[in-house]
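Can you read through this structure? Questions will come right after.
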Amino acid sequence: MTFHGFYFITRPVNSIVSGLAAILGYIIATGTITLSSLILILIVAIITAAGNVINDYFDADIDAINRPKRPIPSGDVRRSSARIFATILFLCGILLSLFSNVLCLTIVVLNSLVLIIYAAKLKSSPFIGNLAISYLAASIFLFGGAFAGLSGLIQNIPIAIITFLAMLARELLKDAEDVKGDSIGGARTLPIKIGIQKTGRIALIVAVLGVGASIIPFFRWGAWYLAGIAFVDLIILIAVIRALPCKTPDCVKMSYATSILKTGMFASLLIFTFFALGL
């Protein structure tokens, strides 16, 4: 076991970005940032890290095939140690959320349960697992808004819908990439059930719905927002279309669809930040 392994099993970059998305959710809801709201970054980063660790714990056998360099299959972290580490992180995140409000605490406890159930059971279920992880991504914005109360949460629903749909498209394509390892591991993901090409078509439909939903904030931020988000929408559509002809996992990987989608989602965060701050 190494410190390097425990560090990287948390996916630190993804965890920190998730934390920053939470503070962005607060900014979108209120148009400002306060010193007390910075705790949102820490809470979400810790809970996200916990979810990543527990996911690797349950996915150790599949990762040995799909991602052998990850900390558990590579031997950098023992599987039993990963379970203990995840438990500590979940407890730390929940305890920190006691310094927020009841609405935020409720979301943290609910999402912690969803993360554990997803890793243990839902991930191998066709489509349901994809819906769960997409909800988790979208709920970060709801959590950030909730720090400003119920009205803040409601204010962030359009952003949550956009995030949910973009993440769902990416999760479907990620499953298409992982068909080989998932099949050996006994998972029943959507690409395994209906095929990679049909899954790609569903991902495109979801992405188009996400593009449609991205128009909603226009009524709040105006025409310049529409111009900016149109560029992001183009990236997302190009990413999914690149994977459409694919019939094999290797083809999906070589299309770089999931990587391009991730880039598009990061770009959307920049757009949301820019207009939420009124820059």
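When the residues of region 83-119 are narrowed to those that are among the polar types (S, T, N, Q) and part of a loop (DSSP other than H, G, I, E, B), which ends up surrounded by the most Cβ atoms within 10 Å (Cβ to Cβ)? Spell out the reasoning first.
Start the filter on region 83-119 by keeping residues that are among the polar types (S, T, N, Q), which leaves 87, 97, 100-101, 106, 111-112.
From the residues that got through so far, the ones that are part of a loop (DSSP other than H, G, I, E, B) too are 100-101.
On the way: SER100: 19, ASN101: 14.
Per the criteria, the residue is SER100.
I would also like to ask the following. Which members of region 238-279 meet the condition of being among the small types (Gly, Ala, Ser) and surrounded by fewer than 21 Cβ atoms within 10 Å (Cβ to Cβ)?
SER259, ALA267, GLY278
Just the residues that are among the charged types (D, E, K, R) and either part of a helix (DSSP H, G or I) or modelled with pLDDT of 95 or more (or both), please, taken from region 232-248. I'd like the intermediate steps shown before the answer.
Going residue by residue through region 232-248, those that are among the charged types (D, E, K, R) are 233, 242, 247.
Within region 232-248, ASP233, ARG242 meet the criteria.
Out of everything in region 7-53 that is in a helix (DSSP H, G or I), under 18 Å from the mean Cα position of the chain (by Cα) and polar (S, T, N, Q), what residue ends up being farthest from PHE147 (Cα to Cα)?
Ranking the candidates gives ASN52 first.
Still on this structure: Being surrounded by fewer than 16 Cβ atoms within 10 Å (Cβ to Cβ) and within 21 Å of ILE116 (Cβ to Cβ) is the filter here, so list the residues in region 38-66 that pass it.
Initially, region 38-66 is screened for residues surrounded by fewer than 16 Cβ atoms within 10 Å (Cβ to Cβ), giving 38, 61, 65.
Selection gives ASP61 alone.
Could you please find all residues in region 174-200 being surrounded by fewer than 16 Cβ atoms within 10 Å (Cβ to Cβ) and in a helix (DSSP H, G or I)?
Initial filter on region 174-200 (surrounded by fewer than 16 Cβ atoms within 10 Å (Cβ to Cβ)): 180, 184, 186, 188, 193-195, 198.
Matches in region 174-200: LYS180, ILE184, LYS193, ILE194, LYS198.
Could you tell me which residue of region 203-231 is surrounded by the fewest Cβ atoms within 10 Å (Cβ to Cβ), considering only residues that are outside any helix (DSSP H, G or I) and without any contact (Cβ under 8 Å) to a residue 40 or more places away in the chain?
Taking the candidates together, the pick is GLY222.
Of the conditions (1) crowded, with 19+ Cβ neighbours inside 10 Å; (2) more than 29 Å from VAL232 (Cβ to Cβ); (3) among the small types (Gly, Ala, Ser), SER80 fails just one. Which one is it?
(1)
Is it the case that ALA22 is closer than 30 Å to LEU277 by Cβ and touching a Pro at 6+ places or on another chain (Cβ under 9 Å)?
Numbers: closer than 30 Å to LEU277 by Cβ: yes; touching a Pro at 6+ places or on another chain (Cβ under 9 Å): no.
Taking the combined requirement at face value, the residue does not satisfy it.
The values are calculated or read from the model by the stated rules, or taken from the named source; none is laboratory data. Model, not experiment: these values are computed from the prediction. Glycine also receives a Cβ, built like all others from the backbone with ideal geometry; neighbour counts cover every protein chain displayed.
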